[in-house]
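Only one structure is covered here, and it is reproduced in the block below.
Where a number appears in this text, it was derived from the coordinates with a stated rule and is not lab data. For clarity, every value in this text was computed on a predicted model and none was experimentally measured. Heads up, the Cβs are rebuilt from the backbone with ideal geometry, glycines too, and the neighbour counts pull from every protein chain shown.
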Amino acid sequence: MKQDDINSFIERNLKNFSVNSTGWNDLIRQMLFELAVGGWNMKNDVFGKEKFGELRCSLYSENEELNVTLKIITDKYLKLSQKTCEICGGEGKIRTISSWQTTLCLSHFLDQKPMIEIDNDLNISHNKKTVLNIQDIIKAEVEFDLQTLELYTKASLDSDESFSFSSQNPNYYLLLKTIPDHLFSDDVRENISDLFRNLKDCEICGYKALHENSCLRCYNEEWEDSKGHGEKSDYIKDCQMDIFIDEDDFEKYFKNDRSFEKVIDHQILFTYNDLNEYEKLLF
Ligand SMILES: [Zn+2]
Ligand SMILES: [Zn+2]
C-alpha cells in the first residue's frame with residue numbers, strides 16, 4: 001500500500017469530520033490511517049462528527065469480517081476522543097458546559113467557564129472582560145432564591161437590558177455582598193442581609209458558607225441523621241475526600257473564589273488510609 005495514497009486519503013477525508021476545533025485532527029488522521037491499512041476501500045469517503053463530546057464515525061461494509069475491523073477501529077478512537085481536548089489535543093475529559101457535553105483539557109475547560117471578578121476600583125469583570133463599575137449601578141434585582149443577580153446602569157436601564165450573574169460562578173456571593181444595599185428593594189435587602197448574617201460554618205469544606213442546611217461553597221448538605229447520611233464522621237470524611245479528589249475540577253474552578261471566610265480550626269477528618277481505600281472504590 002502506497003504511503004502517498006494513504007496520505008491523500010487522510011487529507012481528503014479530514015474535512016469530512018464535523019468537529020468543533022482542531023484538537024482531534026491527529027486522532028482523526030490516525031483513525032483514517034488504521035482504516036486504510038485495515039481494509040477500507042480508499043476510493044470511498046469517510047464521514048464523522050463530534051457528538052456528546054465523542055468522536056463518532058459509523059462505517060459499513062458488506063464484508064462481515066471487514067465490518068468487525070471497522071467497528072474495532074472506530075470504537076478505539078471514540079474512546080480515545082473521550083480523553084482528548086477538542087481544542088488543543090491535550091489530555092482531556094468529558095465536561096458539561098451549559099448543558100452541552102464537550103471534551104476539554106483543564107485549561108480550556110476553565111476558559112469556557114464564566115468567572116466573576118471585582119477589582120480594587122470596583123470594576124466588575126465577567127469572563128476577563130470589564131463589564132461595569134459598581135459605582136455606575138443604579139438598580140439591582142435578585143431572584144427570590146438569591147441565585148441570579150441582575151444589575152442595571154443608567155444606559156442599560158434605558159435600553160431595557162441588564163447585566164446578569166449566576167450563583168454557579170465563582171465570586172457571585174462576593175459580588176452580592178459588595179453591591180450597596182440601597183440599590184435593592186426593601187424585601188430583597190432583608191433577604192440578602194439575613195443570608196450573610198446567618199451563615200454557619202461548613203464542617204465539610206471549611207468555609208463559613210452553610211445556608212439553612214446546604215453549603216453555598218461546596219454544595220454539600222449538612223449532615224442530618226434523618227436524611228440517611230449515615231454516621232456523621234463518615235459522611236463528612238467522604239465529602240471531604242470528594243473535594244480533595246476533585247473529579248469534576250469544581251475546586252479548581254472555584255480556586256479564586258473570595259465569597260466566604262475560611263473557618264478557623266477547620267478539621268480534615270480523613271487519613272491517608274481512608275483516601276487510599278476511597279480511591280480504590282472510585283477508580
Ligand atoms: Zn485544551
Ligand atoms: Zn461547604
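Placing +1 on the Cβ of every Lys and Arg and -1 on the Cβ of every Asp and Glu, with nothing else charged, gives the stretch 114-198 a dipole about its Cα centre of roughly 320 debye. In the chain, if the dipole is taken from +1 on Lys/Arg beta carbons and -1 on Asp/Glu beta carbons about the Cα centre, which of N127, S159, W223 is farthest to the positive end? So the residue we want is N127.
Which of I179, I72 comes first, and how do the rest follow, when ranked by fewest Cβ neighbours within 10 Å? Provide the component values of the computation, followed by the final result.
On the way: I179 19, I72 11.
So the ranking, lowest neighbour count to highest, is I72, I179.
What is the stretch 125-168 by shape, rounded, prolate or oblate, if you read a ≥ b ≥ c off the alpha carbon gyration tensor as root eigenvalues and call it rounded for a/c under 1.5, prolate for a/b larger than b/c, and oblate otherwise? It would help to have the intermediate numbers written out before the result.
On the way: a/c = 1.99, a/b = 1.18, b/c = 1.68.
Note, shape of the stretch 125-168 comes out oblate.
Once you order the gyration tensor axes a ≥ b ≥ c over the Cα atoms, which shape class does the stretch 1-73 get: rounded for a/c under 1.5, otherwise prolate or oblate by comparing a/b with b/c? Taking the square roots of the gyration eigenvalues as a ≥ b ≥ c, the stretch 1-73 is oblate. Contact order for the stretch 114-198, expressed relative to its length and based on alpha carbon pairs under 8 Å spaced 6+ residues apart, stands at 23 percent.
For the stretch 199-283, a Kirkwood radius taken over Cα pairs fed into Stokes-Einstein (20 °C, viscosity 1.002 mPa s) yields D = 159 µm²/s. Each helix, a run of at least 4 DSSP H residues, gives -39500 (n - 2.57); summed and divided by the residues of the chain, these come to -11000 deg cm²/dmol at 222 nm. I need the shape label for the stretch 114-198. Rule: rounded when a/c is under 1.5, else prolate if a/b > b/c, else oblate, with a, b, c from the alpha carbon gyration tensor. Oblate shape, in that a/c is at least 1.5 and b/c is the bigger or equal ratio. Summary value for the stretch 5-121: 24 percent relative contact order, contacts being C-alpha pairs under 8 angstrom separated by 6+ residues. The magnitude of the dipole of the chain, with charges of +1 and -1 set on the Cβ of Lys/Arg and Asp/Glu and taken from the Cα centre, is near 1180 debye.
Can you give the relative contact order of the chain as a percent, counting alpha carbon pairs under 8 Å and 6+ residues apart?
Worked out over the chain, it gives 10 percent.
With no solvent and one equal point scatterer per Cα, compute the Debye intensity ratio I(q)/I(0) for the chain at 0.14, 0.17 Å⁻¹ and report its log10, rounded to two decimals. For the requested q values the scattering log ratios are -1.04, -1.27. Against the chain, whose longest principal axis is taken from its Cα atoms, helix 232-245 shows a tilt of about 50°.
For the Cα atoms of the chain, what angle does the longest principal axis make with the long axis of helix 64-81, in degrees from 0 to 90, nearest 10? Here the helix axis deviates by roughly 30 degrees.
Taking the average, over residues, of other Cβ atoms within 10 Å as the packing measure, peptides 232-245, 88-101 rank 232-245, 88-101 from highest down.
Nearest 20 debye, what's the magnitude of the dipole of the stretch 171-269 about its Cα centre given +1 on Lys and Arg Cβ and -1 on Asp and Glu Cβ? Don't jump to the answer; show the numbers that get you there.
Details: 13 positive and 24 negative charges, 97 e Å.
About 460 debye.
Round to the nearest 10 and give me the degree value, 0 to 90, for the angle of helix 272-282's Cα axis relative to the longest principal axis of the chain. Value to nearest ten degrees: 50. Couplings for the stretch 153-162, taken from phi via the Karplus curve 6.51 cos²θ - 1.76 cosθ + 1.60 with θ = phi - 60°, read 9, 4, 5, 6, 5, 4, 9, 6, 10, 9 Hz in order; Gly and Pro are left as x.
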